[in-house]
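See below for the structure under consideration.
The values are calculated or read from the model by the stated rules, or taken from the named source; none is laboratory data. Remember, it's a predicted structure, so these values are computed and weren't measured experimentally. Note: ideal-geometry Cβ built from the backbone for every residue, glycine included; neighbour counts use all protein chains shown. Protein only, heavy atoms only, side chains kept; ligands, DNA and RNA dropped before computing areas. Shrake-Rupley method; radii C 1.70, N 1.55, O 1.52, S 1.80 Å.
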Amino acid sequence: MQSNDRRPPQVPSSGLAELLVARLTESYGAAADPELAGPMAAYMKDVSPFLGIPTPLRRELSRAVTKDTPKPYEADCAAVALRCWALPEREYRYFAVDYLRRHVSRCSSGFLPVVRHLIVTGSWWDTVDLLAAHTVGPLVAADPALVLVMDEWIGDEDLWVARTALLHQLRYKSATDTDRLFAYCRRQSGHPDFFVRKAIGWCLREYAKTDPGAVRAFVTAERESLSPLSVREALKNTGGE
């Protein structure tokens, strides 16, 4: 795997993906509500069009789409995700994100370039954050060699890739690599974008649930370099100021 390979991945051949996407487009298409689609797109800053399917209904439809289908292989996961990403409406990407979250254990470290493509294509927090915590995080946990790729991602010029590196340990709790977490926050402490500054605060706040003292000490030491937003988010519920 080449972590610096930026070519769009090819969609693997997958009969399972063909079945799922056919069911999906039929089911979601029938449930589309144009009156809801506009406000939903506006809420997401018009990053992409929406079908207008509320989350509870979408999840119900998704369960029906995947009912009685076999567990996927890695190629199936890639095909489902890439084919959903090629469809214009956002709900299809939500299906793919949920599908990867459910089946990430079926994927190897070689799946990471596919996930990177998803992260940088039509990027917004709604898909990136879930991919970071529930797909990238488990992939790195399963193959510690991938931490070297995260060390590259934290310095990436694409803010969403850097945000993913910050957030990939979000669910690690006591298994968090604290030195790496703090180094990443320090590395991007001066980043000008809201979404990176927010991610710094968020990953620190989440780790504070495990070790509030360590987070308070880090923020105290780095307060001059961290943005007020990052500090405020990091110290929520820690007793810090």
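Can you pull out the helices (runs of 4 or more DSSP H) entirely within the range 140-241 that have at least 2 residues that are of a type outside the set (Val, Ile, Thr), in contact (Cβ under 8 Å) with a residue 24 or more places away in the chain and over 24 Å from Val120 (Cα atoms)?
Result: 194-208, 212-222, 228-234.
Which of the residues belonging to the range 48-88 are of a type in the set (A, V, I, L, M), part of a helix (DSSP H, G or I) and either more than 18 Å from His103 (Cα to Cα) or open to solvent by 20 Å² or more (accessible area, probe 1.4 Å) (or both)?
Leu57, Leu61, Ala64, Ala75
Before we move on, is Arg101 basic (Lys, Arg), under 25 Å from Ala42 (Cα atoms) and in contact (Cβ under 8 Å) with a residue 24 or more places away in the chain?
Numbers: basic (Lys, Arg): yes; under 25 Å from Ala42 (Cα atoms): no; in contact (Cβ under 8 Å) with a residue 24 or more places away in the chain: yes.
In short, no.
Determine whether Tyr99 is aromatic (Phe, Trp, Tyr) and within 23 Å of Lys198 (Cα to Cα).
On the way: aromatic (Phe, Trp, Tyr): yes; within 23 Å of Lys198 (Cα to Cα): no.
No; evaluated as a whole, the condition is false for this residue.
Within the bounds of the range 32-43, is there any residue that is touching a helix residue (DSSP H, G or I) at 6+ places or on another chain (Cβ under 7 Å) and more than 27 Å from Val120 (Cβ to Cβ)?
Checked the range 32-43: no residue is touching a helix residue (DSSP H, G or I) at 6+ places or on another chain (Cβ under 7 Å) and more than 27 Å from Val120 (Cβ to Cβ).
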